[in-house]
Amino acid sequence: MNFNNTNFDNYFKNYPDEKGYFGKYGGCYVTPELKAAMDEITEAYFTICKSSKFISELRRIRRDFQGRPTPISHLERLSGTVGNVQLYVKREDLNHTGAHKLNHCMGEALLAKYMGKKKLIAETGAGQHGVALATAAAYFGLECDIYMGSVDIKKQAPNVARMKILGANVVEVTHGLATLKEAVDAAFEAYAKEYKTAIYCIGSVLGPHPFPMMVRDFQSVVGIEAREQFIDMTGELPDAVVACVGGGSNAMGMFSGFLNDPVDIYGVEPLGRGTALGDHAASLTFGTEGIMHGFNSIMLKDENGEPAPVYSVASGLDYPSSGPEHAFLHDLGRVKYDVIGDDDTIDAFFALSRLEGIIPAIESSHAVAYALKLAKKMGKGSILICLSGRGDKDMDYVIENFGIR
């Protein structure tokens, strides 16, 4: 296992640096006005979020409102299909609202409350971030605008309804491919006009500094819990940890608990329909360095060097880049990033449902599908999968497009 001599004991103190860089990735590439807003958020984060009052309030919310800690489940029957490797899942689908997203949304909303902001602004793809932020806004009594591409609105109708019931204003984005990238574009434009009274709650470990750091820190509860729980269950560490990667918030949350352990870590990107540009969203696998949405990372580009069209069966993964920390860990070789396609993903969706009584989000199904393939290669040992969300939102779409397998 090659860590490239990086000291992961002090990793979270050293990365990102004070300018928001993980090595050469990250930063804050925004207008001077938005840079001032980002600096305000950074200062508030390092001041407010390190206070015992903030930390105790966030812990209370996680325990009494979110239902944390979420458990780990041993997938005994599914494990039986792959030989001697034992599969386990960290059950973020049991976190309130049905995904990991509420972990950082409650943190960001609590920060906004302390800063005196009146509105939360965000983008969403699969709708889980939108639902989580709408939930946080309702909890704290804040206004909430959620920008969502028209393609994703059609795919994720249940989550759109949930956002509206929670009181959020869902703004349909119709330009371009009308998916996640365009939703981020529109949300940034809105925030540029309202930053004095609003805060942009980015939905993953991406965007300008300090958001990749903040979202990772709020999501690290997943990895911290999972490591302690797995050792308590089995008496040892897992041999491998697996999570899906779009922007990468669930993955960074899970990976953060194991970076300095002798554990193989895998980030799974969506191969979609194939390797041709426009048929997948595997930026770390096929992309090159580039700047978009205020940060430098690895991204998929078209012939003009602009963000390329992307596709994934999972609305939460169809983004042409990944968080800068993932790009950094990719270059270090600490995390292996690989791909899985739509067909294997949908097969895993049904396998987990039928054999274990857990209907996973399509995003999470990418990680399950990869773990099944990895288990056959390993032959023995254990794999811990981050089950980032539940599949209620995806059932109608899966049945309409793939039938019942």
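Structural remarks
- The residue pairs whose first member lies in segment 200-211 and is more than 19 Å from D145 (Cβ to Cβ), whose second member is hydroxyl-bearing (S, T, Y), and whose beta carbons are closer than 6 Å, counting only pairs six or more residues apart or on different chains, are V205/S249; P210/T42; P210/Y45.
- Options L111, L120, L142: the member that is without any contact (Cβ under 8 Å) to a residue 60 or more places away in the chain, within 23 Å of G207 (Cβ to Cβ) and open to solvent by less than 40 Å² (accessible area, probe 1.4 Å): L142
- Failed item, numbered, when A183 is tested on (1) closer than 20 Å to D396 by Cα; (2) in a helix (DSSP H, G or I): (1)
- Taken over segment 64-84, the criterion of being within 19 Å of R227 (Cβ to Cβ) and more than 19 Å from the chain's Cα centre (by Cα) is satisfied by S73, H74, L75.
- When we screen Q219, Q229 for residues that are polar (S, T, N, Q), under 30 Å from L374 (Cα atoms) and either free of Cβ contacts under 8 Å to residues at least 24 places away in the same chain or crowded, with 22+ Cβ neighbours inside 10 Å (or both), the only hit is Q219.
- Any hit, segment 384-392, residues being at pLDDT 95 or above and in a loop (DSSP other than H, G, I, E, B): yes
- Per the listing L332, L355, the residue uniquely closer than 18 Å to V245 by Cβ and surrounded by fewer than 21 Cβ atoms within 10 Å (Cβ to Cβ) is L332.
- Residue match in segment 296-317 (condition: buried (at least 19 other Cβ atoms within 10 Å of the Cβ) and either acidic (D, E) or on the phi > 0 side of the Ramachandran plot (or both)): no
- Being over 24 Å from Y45 (Cα atoms) and aromatic (F, W, Y) holds for only one residue in Y147, Y195, and it is Y147.
- Restricting segment 189-204 to residues that are small (G, A, S), in contact with a Leu (Cβ under 8 Å, 6 or more places away or on another chain) and surrounded by fewer than 24 Cβ atoms within 10 Å (Cβ to Cβ), the residue that is nearest to G127 (Cα to Cα): A198
- Matching option when the condition is free of Cβ contacts under 8 Å to residues at least 40 places away in the same chain and hydroxyl-bearing (S, T, Y), among S353, S315: S353
- Here Y397 does not qualify as modelled with pLDDT under 95 and part of a loop (DSSP other than H, G, I, E, B).
- Test for G207: is it surrounded by fewer than 16 Cβ atoms within 10 Å (Cβ to Cβ) and not in a helix (DSSP H, G or I): no
- Hits in segment 69-92 (condition: touching a helix residue (DSSP H, G or I) at 6+ places or on another chain (Cβ under 7 Å), closer than 20 Å to F349 by Cβ and either in a helix (DSSP H, G or I) or open to solvent by 60 Å² or more (accessible area, probe 1.4 Å) (or both)): R77, L78, E92
- Given (1) of a type in the set (G, A, S); (2) open to solvent by less than 30 Å² (accessible area, probe 1.4 Å); (3) on the phi < 0 side of the Ramachandran plot; (4) modelled with pLDDT of 95 or more, number of the condition G26 does not satisfy: (3)
- Hey, G176 at pLDDT 95 or above, small (G, A, S) and open to solvent by 50 Å² or more (accessible area, probe 1.4 Å) or not: no
The values are calculated or read from the model by the stated rules, or taken from the named source; none is laboratory data. Bear in mind that the values here come from a model prediction, so they are computed numbers and not experimental data. FYI the Cβ positions are ideal-geometry reconstructions off the backbone, even for glycines, and counts take in every protein chain you see. Quick note on the areas: whole protein, heavy atoms, side chains included, nothing else; ligands and nucleic acids left out. Shrake-Rupley method; radii C 1.70, N 1.55, O 1.52, S 1.80 Å.
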